[in-house]
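Beneath this line is the structure, given in structure tokens, with notes to follow.
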Amino acid sequence: MLVLRSLLFLLLQVLTAIPFSLLAVLVWGFPARLRSRIIGSWAHLITWLLGKICKLYYRVEGAEQLPERAVLISNHQSAWETIAYQVIFPPQAWVLKRELLWIPIFGWGLAATVPIAIDRKSPRKALERVVSEGRERLNGGRWVVVFPEGTRIPPGDVSKYNPGGALLAVKAGVPIVPVAHNAGIFWPRRGFIKHPGTIEVVVGEPIETAGRKAKEVNLQVEQWIRQQQVRLPGQLVLG
């Protein structure tokens, strides 16, 4: 049954992505914030389908008071958060690897959201781009979402936190909203099966960055997320 449910969900996910990607091209001339909301309606549909088909839901803790502008920094375990965060949080610009924009059809829709596409083979240029373009996105009224681990990390594993998100927040003078979740135990990295259950998402209090060093801020964010992962169901965080 899990296989059939997961297969049906995958088919609908792909089939619905095509018209939404074409819609993204049609609304290209709209303001970026409005365009993100329109394109983000696909994320609302997908999270609804996850609940109806795969019985996979989510619960959010701590999102009662969110700042107008912020850099969101989160652990990265699954494809789930790249979809659901568009539902949970205000309009966003994503920091992502530029190769994703080369994917036919899907890449069109992604490009229409005006993300911050970086070349991970050139870390220094990537960092400069995150700061310069990130400030533009923040000034345009959108949050910037950063996964400092750079790739999806399975539950129980740890990886170095890159400082790009913290540096952007310090340079732009905006707070960081740290977020932790356990999506990887329900929708595993490179996993086909979507397991039923409830994904827990914990949103921390905004971390102020004014007058602080990016390295110090980055360490605080990493420690907070690690602490939350330890207490989330199904997480076995090492170190």
Options W224, W28, G164, ranked by Cα towards positive dipole end of the chain, top entry (Cβ charges): W28
Would you mind computing, in nm to one decimal, how far apart the modelled labels at K160 and W28 are, each placed 7 Å from Cα along Cα→Cβ? 3.8
Determine the relative contact order of region 2-231: mean sequence separation of Cα pairs under 8 Å and six or more apart, normalised by residue count, in whole percent. 28
What's the local net charge at R231, with K and R +1, D and E -1, over the other residues with C-beta under 13 Å away? -1
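Calculated FRET efficiency, R212 and A17, Cβ-Cβ r, R0 41 Å, to nearest 0.05? Show your work: numbers first, answer last.
Working: r = 40 Å, r/R0 = 0.97.
E between R212 and A17, to the nearest 0.05, is 0.55.
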Ranked packing of 56-63, 26-33, 114-121, most packed first, by mean Cβ within 10 Å: 114-121, 56-63, 26-33
Lysine pairs, Cα distance under 26 Å, 8 or more residues apart or cross-chain: how many in region 37-189? 9
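Quote to one decimal, in nm, the extra length available between K121 and E99 on full extension: 0.36 nm per residue of separation minus the C-alpha distance between them. Before the final figure, lay out each step's value.
Working: separation 22, 0.36 × 22 = 7.92 nm, distance 1.14 nm.
Fully extending the segment from K121 to E99 adds 6.8 nm.
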Directionally averaged projected area (convex hull, Cα atoms, the chain), nm²: 12.2
Suppose R0 equals 25 Å; then what is the FRET efficiency for L2 and T151 from their Cβ-Cβ distance, rounded to the nearest 0.05? 0.45
Taking the Cα centre of the chain as origin, work out the dipole magnitude from +1 charges on Lys and Arg Cβ and -1 charges on Asp and Glu Cβ, in debye rounded to 20. 480
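Pairwise over distinct Cα atoms, reciprocal of the mean inverse distance: report the Kirkwood radius of region 1-109 in Å, one decimal place.
Details: mean 1/r = 0.0650 Å⁻¹.
Averaging 1/r across every pair of different Cα atoms and inverting gives 15.4 Å.
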Take the Cβ-Cβ distance between R231 and W48 as r, set R0 to 35 Å, and report the resulting FRET efficiency rounded to the nearest 0.05. 0.80
For V87 and L10 in one chain, what is 0.36 nm times their gap in residues minus the Cα-Cα distance, to one decimal in nm? 25.8 nm
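Where a number appears in this text, it was derived from the coordinates with a stated rule and is not lab data. This structure is a prediction, so every number in the text was calculated from the model and none was measured. Here the Cβ is made from the backbone with ideal geometry for all residues, glycine too, and neighbour counts use every protein chain on show.
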